[in-house]
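Structure provided below as structure tokens; questions to follow.
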Amino acid sequence: MPPKLLITGATGLLGSHIIRAAQKNWHVVGTYHRTTRRQAQYFFGQVDHGRIDLGDYSETRAMIADVEPAAVIHSAAITDLDYCEKYPDDSQRINLHAAIDLAALCSDLDVPFLFTSADHVFDGAADPYTEDHPPQTINL
């Protein structure tokens, strides 16, 4: 069996493309949160998947222990800018704290962790961006 790759936010735009690319060499396990179970089953097909609230540390820790991934690609986020502005605490719980917690869990287990982010982190004025470029959001 190929190594397991855990992809958070697997029903999102980026996550769904990562799944397609990774299936050739990995046993892919995808997570989702807002998608219904029926939609996820249709969307994922034969890909192992599960619903999770990444903002719940104990749930995230249990998922990592259950899946035992060889690597994690974190593409889950709340991307609706109107929602983020209306619910900043929930947005930070998922977009910031969940990412930090997941990275720490992976670090503790020596599991490679790749964090992805959308262009909403930058204002678009300094393209192309470097690793050292400071975030400059237009919104929240």
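Say whether the condition of being modelled with pLDDT under 95 and in contact with a His (Cβ under 6 Å, 6 or more places away or on another chain) is met by at least one residue in the stretch 103-122.
yes
Being of a type in the set (S, T, N, Q) and within 20 Å of PRO134 (Cα to Cα) is the filter; apply it to the stretch 92-122 and report the residue that is surrounded by the most Cβ atoms within 10 Å (Cβ to Cβ).
Residues of the stretch 92-122 of a type in the set (S, T, N, Q): 92, 95, 107, 116-117.
In the following step, the residues that additionally are within 20 Å of PRO134 (Cα to Cα) were identified as 92, 95, 116-117.
Values: GLN92: 15, ASN95: 22, THR116: 17, SER117: 14.
Among residues in the stretch 92-122 that are of a type in the set (S, T, N, Q) and within 20 Å of PRO134 (Cα to Cα), the one surrounded by the most Cβ atoms within 10 Å (Cβ to Cβ) is ASN95.
Of the residues that sit in the stretch 68-80 and are loosely packed, with under 15 Cβ neighbours inside 10 Å and within 18 Å of THR116 (Cα to Cα), which one is modelled with the lowest pLDDT? Let's see the steps before the verdict.
If we filter the stretch 68-80 for residues that are loosely packed, with under 15 Cβ neighbours inside 10 Å, which is where we start, we get 68, 70, 80.
Retained after the next criterion (residues that are within 18 Å of THR116 (Cα to Cα)): 70, 80.
Details: ALA70: 98, ASP80: 84.
Out of the qualifying residues, it is ASP80.
Please state which of the following conditions ALA125 fails to meet, knowing it meets all the rest: (1) surrounded by 11 or more Cβ atoms within 10 Å (Cβ to Cβ); (2) more than 30 Å from PRO3 (Cβ to Cβ).
Among (1) surrounded by 11 or more Cβ atoms within 10 Å (Cβ to Cβ); (2) more than 30 Å from PRO3 (Cβ to Cβ), ALA125 violates only (1).
For the stretch 2-67, give me every one of the helices (runs of 4 or more DSSP H) that falls completely inside it and has 3 or more residues that are at pLDDT below 85 and of a type in the set (Lys, Arg).
Details: elements: 13-22, 37-44, 57-67.
The helices (runs of 4 or more DSSP H) meeting that bar number zero.
The values are calculated or read from the model by the stated rules, or taken from the named source; none is laboratory data. In this text, all values refer to a predicted model and were calculated from it rather than measured experimentally. When we count neighbours, we look across all protein chains shown, and the Cβ atoms used for this are built from the backbone with ideal geometry, even at glycine.
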